[in-house]
Amino acid sequence: MLFERENTEEKIIAATFNIIQKEGVQKATTKKIAAEAGVNEVTIFRKFENKKNLIESTKDFYLERLLSKLEENFDFDEDDDIEKYLKRSFHGILEFTEEDFSIIGVAMQEIKGASDRKLLISQITDAIINKLEEFFTLQLEKGRIKNVNSKAISLMCFSIIFQSLILWQIYGETADIESDYFADDYLDIIFNGIKL
């Protein structure tokens, strides 16, 4: 279970996330959420006032958990080897749980009905890109890489990692695309380029 000792609000938030995953935000009614949480619909309104507040509270809760995990995955020490750091980050994200992928899935669904506040997917991608940019800026300052645009290399690494994550979720790990082999190839291209 998600919460060790679930209080009513936590049960409602967990139920809301389950409904959003299955049916999307538009079809997530307070009636369905109440049934899933095992509470009265009135309880939802007493705790959250309206559906919008409930949805935002749910997104905030799960986003905070995912951002914390991303921050940890892409964290680095000043002395980290570039190749080891990128490989560790790549493999770390491939080991995320189904719940983590579900949060990303909900964030991707949100793009369709973009709200006034910053999109979840933007917050997720910004967390990764900013951490990568910090890392590459440090590498530039320490003279470990040639003078390249740290934002550009961060976006390139993010794109490879994020797309790999999505592909691994869609296709699963197959014998012809092993993650170690793929990570080595991606790092080889970063370090050695594609020119002959």
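Scanning segment 50-60 for any residue that is over 16 Å from Ser164 (Cα atoms) and modelled with pLDDT under 85 turns up nothing.
A Cβ distance below 7 Å, combined with a sequence gap of six or more or placement on separate chains, defines the contacts here; from segment 24-41, residues that are under 19 Å from Ile104 (Cα atoms) and assigned by TED's automatic domain parsing to the domain that holds Ala14 reach residues that are at pLDDT below 95 and outside any helix (DSSP H, G or I) in the pairs Val25/Gly113; Gln26/Gly113.
Tell me which of these Arg65 doesn't satisfy, since it passes every other one: (1) surrounded by fewer than 16 Cβ atoms within 10 Å (Cβ to Cβ); (2) among the charged types (D, E, K, R); (3) under 25 Å from Asp184 (Cα atoms). Going through the list (1) surrounded by fewer than 16 Cβ atoms within 10 Å (Cβ to Cβ); (2) among the charged types (D, E, K, R); (3) under 25 Å from Asp184 (Cα atoms), Arg65 breaks only (3). Has segment 36-58 got at least one residue that is of a type outside the set (Phe, Trp, Tyr) and closer than 30 Å to Phe182 by Cα? No: segment 36-58 contains no residue that is of a type outside the set (Phe, Trp, Tyr) and closer than 30 Å to Phe182 by Cα. Does Phe96 satisfy being outside the structural domain of Ile13 (by TED's automatic domain parsing) and either among the β-branched types (Val, Ile, Thr) or part of a helix (DSSP H, G or I) (or both)? When the stated conditions are applied, Phe96 does not pass them.
If we scan segment 74-85, do we find a residue that is under 16 Å from the mean Cα position of the chain (by Cα), exposed (fewer than 15 other Cβ atoms within 10 Å of the Cβ) and part of a helix (DSSP H, G or I)? No: zero hits.
Among the residues of segment 25-47, how many are under 15 Å from Tyr62 (Cβ atoms) and either among the acidic types (Asp, Glu) or modelled with pLDDT under 95 (or both)? Residues in segment 25-47 being under 15 Å from Tyr62 (Cβ atoms) and either among the acidic types (Asp, Glu) or modelled with pLDDT under 95 (or both): 2 in total.
Here Arg88 does not qualify as modelled with pLDDT under 90 and not hydrophobic (A, V, I, L, M, F, W, C).
Just one of (1) modelled with pLDDT of 95 or more; (2) over 30 Å from Gln139 (Cα atoms); (3) touching a helix residue (DSSP H, G or I) at 6+ places or on another chain (Cβ under 8 Å) fails for Leu2. It is (1).
Note on segment 36-60: among residues that are under 24 Å from Asp100 (Cα atoms) and among the aliphatic types (A, V, I, L, M), the one that is surrounded by the fewest Cβ atoms within 10 Å (Cβ to Cβ) is Ile55.
The values are calculated or read from the model by the stated rules, or taken from the named source; none is laboratory data. These numbers come from a predicted model, not from an experiment. Cβ: placed from backbone, ideal geometry, glycine included. Neighbour counts: every protein chain shown.
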